[in-house]
Amino acid sequence: MSHKKTIFSGIKPSGDLTIGNYIGAITQWVEMQEEYNCIFSVVDYHAITVKQKPEDLRRRILDITKIYLASGIDPKKSIVFQQSAVPAHTELGWVLNCCGTYISDLKRMIQFKEKAGDKQDAVSVGLFDYPVLMAADIILYDTQIVPVGEDQKQHVELARDIAKRFNNQYGPVFVIPEALIKKEGARIMSLSDPMKKMAKSDDNPVGFIALLDSPEVARKKIMKAVTDSGSEIIYDPKNKPALANLLTIHSSLSGESIKSLEKKFAGRGYGDFKKELAEVVAVFLTDFQKKFNKISDADAKKILENGRKQATKLADAKMEKVRKVIGVR
Ligand code: AQP
């Protein structure tokens, strides 16, 4: 590739993508395409860390690909591919499990603790181990920058540690990656609980807005969103976390600054603000889905196949180096 820095990021098809994924991750990727060598993956082997229906998984892999494209990811500029189609990811994941990762690293992971809750002994080994596969995804491509939402920062830090330990033992095989966290919109919270992040696998569909929700459903979800006490429209994440989240969503989708929204709604209540936000979200979804619906399954498959070829070339070269230094070649 060229002298440009390389970025890698991905989303797992574990649910229907939300505006949290869009605002926190995808919009940032779109902007970065001009400046960086970009590799964007549908990380399907991460989705099976929890139970998935095969037919849902199959559909979501294509849906996410179309969402990338509809958002402005350009396959002429960026590599777009499906993780499971490039076996080097799972192969390197295994090697890193053995060379560079400790059980104590994984026990510290906040996301594991949150997801496993009090069932830590009853969830899959994959759920526990998934940050190692994520480290493999990243370092396989000499990635320098990993644009992610705030929730993934700890996993990228672990990828750095693993890569450093591997290099210390076997020589400089991997580039040490860095997380890039967007300041605004880095963590979009659930509409039903502003202390929880908006997540696509949330059992409560009122908590998130899916990119493929109908504009009418989305409107209703906004009108039902919890708010804080008081009635003033001000951005105060500490005392008014629910409203701060709604202001962030508005600002991210409409492009209006939070300051200007505060001014516009001075002296007006939550009801007025929510009505406008519902409209902003509905307009955004209508426009987004128009673009999404123009892309066929066949188009998406073609792009994934092309991406597979490009990614395989890079990944296989790195994997061959790894096999040599650890002594299996
Ligand atoms: N609420 C969010 N706000 C901002 N960014 C977010 N991301 C996810 N949720 C938010 C970012 O989206 C990318 C995709 O992440 P992922 O699908 O691989 O895993 P995740 O972070 O676990 O996403 P979800 O939606 O919460 O999935 P489930 O519910 O299946 O676990 C990442 O860059 C993430 O930061």
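Among the residues of segment 201-218, at least one is at pLDDT below 95 and touching a strand residue (DSSP E or B) at 6+ places or on another chain (Cβ under 9 Å). I'd like to know if segment 254-267 contains one or more residues that are within 30 Å of ARG60 (Cα to Cα), open to solvent by less than 70 Å² (accessible area, probe 1.4 Å) and free of Cβ contacts under 8 Å to residues at least 12 places away in the same chain. There is at least one residue in segment 254-267 that is within 30 Å of ARG60 (Cα to Cα), open to solvent by less than 70 Å² (accessible area, probe 1.4 Å) and free of Cβ contacts under 8 Å to residues at least 12 places away in the same chain.
Contact map, segment 22-47: residues that are in the same structural domain as GLN152 (by TED's automatic domain parsing) and more than 19 Å from LYS77 (Cβ to Cβ) paired with residues that are within 8 Å of the ligand (Cβ to nearest atom) and of a type in the set (Ser, Thr, Tyr), Cβ distance under 8 Å, separation 6+ or inter-chain. Pairs shown: HIS46/SER14; ALA47/SER14. Taken across segment 225-233, residues that are surrounded by 15 or more Cβ atoms within 10 Å (Cβ to Cβ) and part of a helix (DSSP H, G or I) do not occur at all.
Assessment of segment 91-107 against the conditions (within 11 Å of the ligand (Cβ to nearest atom), of a type in the set (Gly, Ala, Ser) and buried (at least 20 other Cβ atoms within 10 Å of the Cβ)) yields no matching residue.
Within segment 145-190, if we keep just the residues that are crowded, with 18+ Cβ neighbours inside 10 Å and polar (S, T, N, Q), the residue that is nearest to the ligand (Cβ to nearest atom) turns out to be GLN152. Of all residues in segment 1-21, count the ones that are within 17 Å of LEU285 (Cα to Cα) and free of Cβ contacts under 8 Å to residues at least 40 places away in the same chain. Looking only at that region, the number is 0. Return the residues of segment 94-116 that are within 16 Å of ASP151 (Cβ to Cβ) and not acidic (Asp, Glu); say none if nothing qualifies. Selection gives ARG108, MET109, ILE110, GLN111, PHE112, LYS113, LYS115, ALA116. Contact map, segment 229-248: first residue free of Cβ contacts under 8 Å to residues at least 40 places away in the same chain, second residue open to solvent by 80 Å² or more (accessible area, probe 1.4 Å) and part of a loop (DSSP other than H, G, I, E, B), Cβ cut-off under 6 Å, separation 6 or more or different chains; pairs are LEU247/TYR235.
Tell me which residues, restricted to segment 76-103, are hydrophobic (A, V, I, L, M, F, W, C), part of a loop (DSSP other than H, G, I, E, B) and closer than 18 Å to PHE8 by Cβ.
So in segment 76-103, the residues hydrophobic (A, V, I, L, M, F, W, C) come out as 79-81, 85-86, 88, 92, 94-96, 98-99, 103.
Those still in the list that are part of a loop (DSSP other than H, G, I, E, B) too: 86, 99.
Within segment 76-103, just VAL86 meets the criteria.
Between ASP287, ASP316, the distinction of being modelled with pLDDT of 95 or more, open to solvent by 50 Å² or more (accessible area, probe 1.4 Å), part of a helix (DSSP H, G or I) and more than 30 Å from VAL86 (Cα to Cα) belongs to ASP287 only. Do the conditions hold for GLU256, that is, is it farther than 20 Å from ALA25 by Cα and either in a helix (DSSP H, G or I) or not polar (S, T, N, Q) (or both)? No, not satisfied. Counting only helices (runs of 4 or more DSSP H) wholly contained in segment 4-73, the ones carrying 1 or more residues that are more than 13 Å from the ligand (Cβ to nearest atom) occupy 27-32, 54-71.
Residues checked against (1) polar (S, T, N, Q); (2) over 22 Å from GLN111 (Cα atoms); (3) free of Cβ contacts under 8 Å to residues at least 24 places away in the same chain; (4) assigned by TED's automatic domain parsing to the domain that holds GLN111:
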{"residue": "THR143", "(1), (2), (3), (4)": "yes, yes, no, yes"}
{"residue": "VAL146", "(1), (2), (3), (4)": "no, no, no, yes"}
{"residue": "GLY149", "(1), (2), (3), (4)": "no, no, no, yes"}
{"residue": "ARG160", "(1), (2), (3), (4)": "no, no, yes, yes"}
{"residue": "ARG165", "(1), (2), (3), (4)": "no, yes, no, yes"}
{"residue": "TYR170", "(1), (2), (3), (4)": "no, yes, no, yes"}
{"residue": "PHE174", "(1), (2), (3), (4)": "no, yes, no, yes"}
{"residue": "ALA186", "(1), (2), (3), (4)": "no, no, no, no"}
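Here PHE81 passes the criteria (1) surrounded by fewer than 24 Cβ atoms within 10 Å (Cβ to Cβ); (2) away from the ligand (no atom under 11 Å from the Cβ) except the one numbered (1). When ALA116 is tested against the conditions (1) open to solvent by less than 10 Å² (accessible area, probe 1.4 Å); (2) modelled with pLDDT of 95 or more, the lone failure is (2).
When every residue of segment 191-213 is checked against the conditions, none turns out to be more than 16 Å from the ligand (Cβ to nearest atom), out of contact with any Lys or Arg (no Cβ under 8 Å at 6 or more places or on another chain) and either closer than 22 Å to ALA70 by Cα or not in a loop (DSSP other than H, G, I, E, B) (or both).
The values are calculated or read from the model by the stated rules, or taken from the named source; none is laboratory data. Quick caveat, the model's predicted, so the values are computed rather than measured. Here the Cβ is made from the backbone with ideal geometry for all residues, glycine too, and neighbour counts use every protein chain on show. Accessible surface areas use protein heavy atoms only, side chains included; no ligands, DNA or RNA. Shrake-Rupley method; radii C 1.70, N 1.55, O 1.52, S 1.80 Å.
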